[in-house]
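Working notes, beginning with the structure itself.
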Amino acid sequence: MMAIAEANMLERLKAQLIRNYNHPFYRKKFEEAGLKPEEIKTIEDFQKLPFMTRDELIQQFLENPPFGGFMSEDVVRIHFSPSPKGLIPVLLTKNDVEAMNQANAEAFRRAGVKRDDIALITFGYHIFIAGLMFHGGLEKLGAKVVAVGPGSTEKTLEIAEKVKPTMLVSNPSFALKLAKEGLEGIRVLIAAGEPFSSIEGYKDKLRDAFGEEVTLIDYYGLAECTPIACECAHERGLHVIDEFCYVEIIDPETGEVVSEGEKGEVVVTHLNKEAMPMQRFRTGDLARLEVFECECGKEITMPTGVFGRTDEMYKVKGVKFYPSQIPLILRGFGLSGKFRVIIEKTEKGTDYLKLQIEGKDVDVEAIKRAIKDATLITPNEIEVVEKLEKDREVLDLRYS
């Protein structure tokens, strides 16, 4: 079964790669690997292609303003993605919009959304992709969509009182606030834009607020490629939308694809994109993949979604340590998530990791266990302070 699925995926990848090869930006990738699209006969061949990075994408726009050489007469929509160099365009053709809407509609159907649902969307509808992207998928499915957009809690509740929504599309933190302020009748929540299922106990808080019968859906996408993964109504993790994109998990250091279940960096490749497709695009997001057959029919799954960034990685006690995982762990204990890491050498030359966290009345041993479970590293020392002036500070003093 997996062999058939891989063969089908390879054919779809090759069709996309043939389209990409016609563009000079992507052709350079093939030339660097010494390959042509027709020579890619296995997934291993595909993995010989160099990665595409956000820095590389930014440079393309800087050298070829304003659209990086990606503009074509078929483009009908331009969104933007934030970057250290300012906003960079994200281009979509009519077919790209249709493919995105269709993929989202199928994901939302698996999530339990129905045609008679009335959906409030509280994401923005200007500059960035989120509001229109969710809107298009829900309309494609046939749901009734209310384009609330971002705003005050009071205004959102006022609109909800008029239309009586049955589903909500929102940041999880804003959804929780709405529930605490009296929003009722929500049977499906699609949450995005912030860590959700990766924070231990977060779903419990939302379920307590909305009621035990609510379906809580975590969703993952990027401005450059969305959707990537979405939970189904069984809530067994975020299923990769493999009719829309191909996902790999790589070792951020070596670039090698890791084994199933190992954490690493998410790499995405579009399967049916016309304008500005991502080809082995390094997202910088930290996740892991598992393969199992869910009741909804999907198999490739991110069990807890994205749980950190790969931008900062430290080797501590021989293990790759990603400090960006720490806030999610701390928030699971009801803490602010603010931390400071100090890495030093002992007199014997071994690594010593001290963690300062903001809070009070904290079960330090429970936090140590949680950090070990998530990172495979046990802090030598955890110091609890009432107030930290800086957030997410990492001091590596081993070589100073």
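The values are calculated or read from the model by the stated rules, or taken from the named source; none is laboratory data. It should be emphasised that the depicted structure is a prediction, and the values quoted were computed from it without experimental measurement. Positions of Cβ are generated from backbone atoms using ideal geometry, with glycine treated the same way; all protein chains shown enter the neighbour counts.
Summary of computed values
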quantity: Selection from the range 65-90 of residues that are part of a loop (DSSP other than H, G, I, E, B) and surrounded by 15 or more Cβ atoms within 10 Å (Cβ to Cβ); calculated: F67, G68, F70, M71
quantity: Among the residues listed as K155, K164, K144, K140, the single one being surrounded by fewer than 15 Cβ atoms within 10 Å (Cβ to Cβ), within 18 Å of V188 (Cα to Cα) and charged (D, E, K, R); calculated: K164
quantity: Flag for S336 being modelled with pLDDT of 90 or more and among the hydroxyl-bearing types (S, T, Y); calculated: yes
quantity: Checklist (1) of a type outside the set (D, E); (2) farther than 30 Å from E235 by Cβ; (3) in a loop (DSSP other than H, G, I, E, B) applied to N20, failing item; calculated: (3)
quantity: Qualifying residues in the range 295-334 (those that are part of a helix (DSSP H, G or I) and β-branched (V, I, T)) - the one surrounded by the fewest Cβ atoms within 10 Å (Cβ to Cβ); calculated: I329
quantity: Selection count, the range 329-371, where residues are in contact with a helix residue (DSSP H, G or I) (Cβ under 8 Å, 6 or more places away or on another chain) and hydrophobic (A, V, I, L, M, F, W, C); calculated: 10
quantity: Pairs with Cβ under 8 Å, 6+ apart, first in the range 379-396 and more than 12 Å from L353 (Cβ to Cβ), second part of a loop (DSSP other than H, G, I, E, B) and among the acidic types (D, E); calculated: none
quantity: Odd one out for T254, checked against (1) touching a residue at least 40 places away in the same chain (Cβ under 8 Å); (2) among the β-branched types (V, I, T); (3) out of contact with any strand residue (DSSP E or B) (no Cβ under 8 Å at 6 or more places or on another chain); calculated: (1)
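Let's see how each residue does on (1) within 23 Å of E260 (Cα to Cα); (2) surrounded by fewer than 19 Cβ atoms within 10 Å (Cβ to Cβ):
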| position | (1), (2) |
| --- | --- |
| E181 | no, yes |
| I186 | no, no |
| A191 | no, no |
| D204 | no, yes |
| A209 | no, yes |
| T215 | no, no |
| D218 | yes, no |
| C230 | yes, no |
| F244 | yes, no |
